[in-house]
Amino acid sequence: MPDRIPARPEAPDAASATEVASPVDLAAMVFVPAGSFVMGSDRTAVLQLWERYGWDHRWIDGQVGGIDWIGELLAHEVELDGFWMYRDPVTIGQYHQFMLATEHPAPVDADIHGPWNSAWADGAPIPGSHDLPVSSVSWDDAAAYCSWAGVRLPTEAEWEYAARGPASSIFPWGDDWRPDACRSAEDTAGRPFTDNDEWRRWLNGGSTRRQSDGRFDQPCWLNEHVAQLEGPTPAGRYPDDRSWCGVRDFAGQVREWCADWYDPNYYAHSPRHNPPGPDGPAGTVACRSLRGGAWLSSAYTSRGAQRLFYPPDSRDTNDHGFRPVVHPG
C-alpha cells in the first residue's frame, strides 16, 4: 500500500517515492514527470502499421482519420507539466464507496443491463466484483466521482503522454503489437481479429438487435458471458501493459473517459503547452473523449494515439471506465 498523502501531493524529488495514495479513495497514484512528446500519428506510419498486421482499413476511415477530418492524423509536439495519475482504473469497489458517500446511483442502464451482463444488482456490486474496473459509467458519473474524490479527469494530451511517453511509442510496452500483453478482444477471445465483420460476429453476432431479455438475437460472446464480470480483470494481471511512468492497463481492460469535449479537428489549432481540449462540443451530437483499449476492442484501439468518443450521459456500455489525475499542489 503506498503512503497516504495530502489532497495535493507535491511533485517528487529524486529522493521521494513516486507512488502515493489518493486521500479519499486510497487509490495508488504514480507521478508523470513534465516533458514533451509527439501527440497523434502520421498517416503514412499508420498505413504501414495496418499493412504490417493486416488490419481492416475500414477501421482507419471510421475511427482513426479520414479525408475530411483529422482525428489522430496530425502528429504535433506537445509539452506538459507534471501530474499525478491513478496507477489503475477506478474499481467497482471504489465506485461503490463513492455511491455510499453521495447516494449517487449505480452505473446501470435499465434498457441494457441485467443479470446477463452486469456487475450490479439492486444498486450494489455483485459479490466478488469489487476489484474489477468499473465498466459502465457515463462521463457525467466519472466527473461526479472526481468531484467527490478531489481529483479530475485527464485531458486527452495528459492521457496520451502518460501512455506513450517522450518516445511516443505506439503501445505502452513499445511499437510491436502483442496480443498477450493486455486485456483486449484478442486475449478475451483467444484469437486475433483483423476484419471488422469477424470481430462483430464474435462480440454480438454481427447484430445490434436485442431480444426482450436484453440478449442479442444471434449466438455471440456477449450472450454466453456476464460481460462486466468476465470481460475486464483485476488490475495487474497483464504486467507488460505498463507504461513508461508506471501506469497500468492503458491498452486493455476498459476505455477511459477524458475531460475533453471531442472535436475531430482539434489538433489543427490546439496549443503546444498543456492543451486543455476544445471549448465546447463539435458536430451535431455532443460527445466527450475516450482513450484506451478494452477487453472487447480490436488491437488497433490499444494504440496510445487512438481517439474515441461517446455521449457524456450514456451508461449503455460494458467497457467505459476512467482513471483520474491531480496536479501537484
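The values are calculated or read from the model by the stated rules, or taken from the named source; none is laboratory data. Computed from a predicted model, the values in this text were never measured in an experiment. Glycine gets a Cβ as well: all are built from the backbone with ideal geometry, and neighbour counts include every protein chain shown. For the accessible areas, the whole protein counts, side chains as well, though only heavy atoms, and no ligand, DNA or RNA atoms are used. Shrake-Rupley method; radii C 1.70, N 1.55, O 1.52, S 1.80 Å.
Worth a mention:
- Residue match in region 268-281 (condition: outside any loop (DSSP other than H, G, I, E, B), under 30 Å from residue 192 (Cβ atoms) and either of a type in the set (Ser, Thr, Tyr) or in contact (Cβ under 8 Å) with a residue 40 or more places away in the chain (or both)): no
- Some residue of region 125-133 being out of contact with any helix residue (DSSP H, G or I) (no Cβ under 7 Å at 6 or more places or on another chain) and on the phi > 0 side of the Ramachandran plot: yes
- Residue check, residue 192 over 20 Å from residue 88 (Cα atoms), open to solvent by 20 Å² or more (accessible area, probe 1.4 Å) and touching an Asp or Glu at 6+ places or on another chain (Cβ under 7 Å): yes
- Identity of the residue in region 233-258, of a type in the set (Gly, Ala, Ser) and surrounded by 22 or more Cβ atoms within 10 Å (Cβ to Cβ), that ends up farthest from residue 63 (Cα to Cα): 243
- The one condition in (1) without any contact (Cβ under 8 Å) to a residue 40 or more places away in the chain; (2) within 13 Å of residue 145 (Cα to Cα); (3) surrounded by fewer than 14 Cβ atoms within 10 Å (Cβ to Cβ) that residue 101 fails to fulfil: (1)
- Of all residues in region 144-154 being in a helix (DSSP H, G or I) and open to solvent by less than 10 Å² (accessible area, probe 1.4 Å), the one that is nearest to residue 259 (Cα to Cα): 146
- A Cβ distance below 9 Å, combined with a sequence gap of six or more or placement on separate chains, defines the contacts here; from region 45-62, residues that are farther than 18 Å from residue 175 by Cβ and assigned to a loop (DSSP other than H, G, I, E, B) reach residues that are among the hydrophobic types (A, V, I, L, M, F, W, C) and modelled with pLDDT of 95 or more in the pairs 56/50; 56/193; 56/199; 57/47; 57/50.
- Entry remark, region 297-311: residues being in contact with a Ser or Thr (Cβ under 9 Å, 6 or more places away or on another chain), open to solvent by less than 20 Å² (accessible area, probe 1.4 Å) and either more than 26 Å from residue 78 (Cα to Cα) or of a type outside the set (S, T, N, Q) (or both) number 8 in total.
- Filtered residue count, region 152-178, keeping only those that are farther than 18 Å from residue 39 by Cα and under 17 Å from the mean Cα position of the chain (by Cα): 2
- When the criteria are applied in full, residue 205 meets the requirement of being small (Gly, Ala, Ser), crowded, with 17+ Cβ neighbours inside 10 Å, at positive phi and free of Cβ contacts under 8 Å to residues at least 60 places away in the same chain.
- Top-ranked residue of region 130-143 - restricted to ones that are of a type outside the set (A, V, I, L, M, F, W, C) and surrounded by fewer than 23 Cβ atoms within 10 Å (Cβ to Cβ), ranked as nearest to the chain's Cα centre (by Cα): 138
- Flag for residue 111 being part of a helix (DSSP H, G or I), in contact (Cβ under 8 Å) with a residue 60 or more places away in the chain and over 30 Å from residue 81 (Cα atoms): no
- Residue in region 216-225 that is in a strand (DSSP E or B), of a type in the set (Asp, Glu) and either buried (at least 19 other Cβ atoms within 10 Å of the Cβ) or at negative phi (or both) present: no
- Within region 42-98, restricting attention to residues that are over 17 Å from the mean Cα position of the chain (by Cα) and basic (Lys, Arg), the residue that is most open to solvent (accessible area, probe 1.4 Å) is 52.
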